[in-house]
1. Please go through the stretch 140-157 and give me each residue that is part of a strand (DSSP E or B) and either among the aliphatic types (A, V, I, L, M) or open to solvent by 10 Å² or more (accessible area, probe 1.4 Å) (or both), ordered by number.
2. Can you spot a residue in the stretch 61-72 that is under 24 Å from Val212 (Cβ atoms) and of a type in the set (A, V, I, L, M)?
3. Sort out for me the strands (runs of 3 or more DSSP E) sitting completely within the stretch 173-262 that have 1 or more residues that are free of Cβ contacts under 8 Å to residues at least 40 places away in the same chain.
4. From the set of residues in the stretch 115-127 that are of a type in the set (A, V, I, L, M) and in contact (Cβ under 8 Å) with a residue 40 or more places away in the chain, which is surrounded by the most Cβ atoms within 10 Å (Cβ to Cβ)?
5. Starting from residues that are in a helix (DSSP H, G or I) and open to solvent by less than 30 Å² (accessible area, probe 1.4 Å), keep the ones in the stretch 306-319 and report whichever is nearest to Gln272 (Cα to Cα).
6. May I ask you to verify whether Leu274 is on the phi < 0 side of the Ramachandran plot, assigned to a helix (DSSP H, G or I), surrounded by 14 or more Cβ atoms within 10 Å (Cβ to Cβ) and at pLDDT below 95?
7. Has the stretch 281-292 got at least one residue that is polar (S, T, N, Q) and within 18 Å of Ala37 (Cα to Cα)?
8. Which pairs turn up if I take residues in the stretch 95-108 that are touching a residue at least 60 places away in the same chain (Cβ under 8 Å) and look for partners that are part of a strand (DSSP E or B) with beta carbon separation below 7 Å, at least 6 apart in sequence or on another chain?
Amino acid sequence: MKTQTLSQYLLQDLTIKNQLIHNRIVLAPMAGLGHIALRQLICEFGGFGLLFTGMCSAKAVPHENPNTSLVFKWRQEELKFLVCQIFGSDPESMASAAERIEKEGFFGVDLNFGCSVAAICKKGCGAALLKNPELSSKIVKAVRKSVSIPVFVKFRTGWDNTPQFAVDMARRFEDAGADALTFHPRIAPDRRNRPPQWDVIKLVRQAVCIPVFGNGNLFQEKDGIKMINQTSCQGLSVGRMAVAKPWLFAQWTKGFSPGDDIFFTSAMKMTQILLEHYDDHFAAKLFKKFSPYFCANFKFGHHILKKLVRAQTMSDIRDNLDSIFESNPETLSRPNLNLFS
């Protein structure tokens with residue numbers, strides 16, 4: 001695939017269950033990062049097929065109030081292309097959460113079998129469920145039975161470097177009723193210490209008939225081209241780089257050409273949107289979570305990050321952004337991965 005045809009591939013229609021999307025590049029679900037403000041900023045640029053929320057607790061979702069919740073929160077206009085990701089460890093609570101998600105009008109529900117953070121795995125959730133294939137299947141079956149909207153599953157290679165296990169799990173998920181898979185080809189203990197093994201995406205893709213979205217180290221257009229050529233995946237799922245460059249989707253599919261001020265204006269816009277949805281304290285906390293990814297774009301990103309995280313209020317953050325960009329900091333063509341946690 002040539003560079004100029006990446007957008008042509010991504011802008012092909014794709015059917016997920018009984019729903020049609022017109023763009024095959026999506027925002028990956030990310031805990032603490034895929035919140036309503038980031039999604040709103042991405043929407044201002046456009047160019048994506050679907051957006052995913054951050055992780056929502058399946059036990060909490062049936063009782064959550066979107067007006068006060070910090071995570072289970074959305075704009076009405078995004079529901080038609082928004083998938084809500086849930087985590088849990090038992091079929092009943094996951095099914096109940098999915099029912100609430102369908103009732104609210106989301107495009108779909110995504111089941112997290114990929115998060116390898118210790119606090120999640122200790123509860124038997126996320127990637128820990130890959131240690132229990134039978135329970136994982138029961139969860140997918142219960143959710144599939146409880147809703148008519150598309151059911152997505154996000155998962156990793158497993159806990160050992162055994163590609164066949166990922167293939168077997170993909171087939172299990174499809175047999176249990178999953179409508180699409182997002183596959184991250186790293187083992188859980190690694191987190192992100194080693195490069196993703198894209199060849200395993202190809203094996204998963206070949207094992208099932210439902211769409212597979214490839215995920216892992218998609219930083220530039222050439223990475224998207226390479227992943228599609230190497231794996232034949234039906235779509236791309238972009239995570240950390242979409243936080244670093246919320247205009248990435250528009251670049252890859254709409255030919256958007258960012259101006260020299262794009263980093264400054266986008267960071268300032270993020271401060272504004274955060275304050276539309278959260279109080280000053282929590283908005284500042286979320287901006288600091290966003291900051292390492294944003295700062296990974298710059299040659300001296302560590303120094304910029306230190307300045308940003310010292311701020312205590314959103315006003316301080318804006319003042320620091322003004323100061324930082326007075327000197328027009330030098331950018332990198334690929335992100336500094338030391339800042340990508």
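1. Val151, Val153, Lys154, Arg156
2. No, the stretch 61-72 contains no residue that is under 24 Å from Val212 (Cβ atoms) and of a type in the set (A, V, I, L, M).
3. 180-187, 212-215
4. Of the stretch 115-127, the ones of a type in the set (A, V, I, L, M) are 117-120, 127.
Then drop every residue that is not in contact (Cβ under 8 Å) with a residue 40 or more places away in the chain, which leaves 117, 120, 127.
Numbers: Val117: 14, Ile120: 20, Ala127: 26.
This residue is Ala127.
5. My answer is Met314.
6. So Leu274 fails the test.
7. Checked against the condition, which is being polar (S, T, N, Q) and within 18 Å of Ala37 (Cα to Cα), the stretch 281-292 yields at least one hit.
8. Here the result reads Phe107/Gln19; Phe107/Leu50; Phe107/Leu82; Phe107/Val83; Gly108/Val83; Gly108/Val151; Gly108/Phe152, each pair linking the stretch 95-108 to a residue that is part of a strand (DSSP E or B).
The values are calculated or read from the model by the stated rules, or taken from the named source; none is laboratory data. Just so you know, these numbers come straight off a predicted model, no measurement behind them. Don't worry about glycine lacking a Cβ; one is built from the backbone with ideal geometry, like all the others, and counts go over all protein chains shown. These area figures cover heavy atoms from the full protein model, side chains too; ligands, DNA and RNA do not enter into them. Shrake-Rupley method; radii C 1.70, N 1.55, O 1.52, S 1.80 Å.
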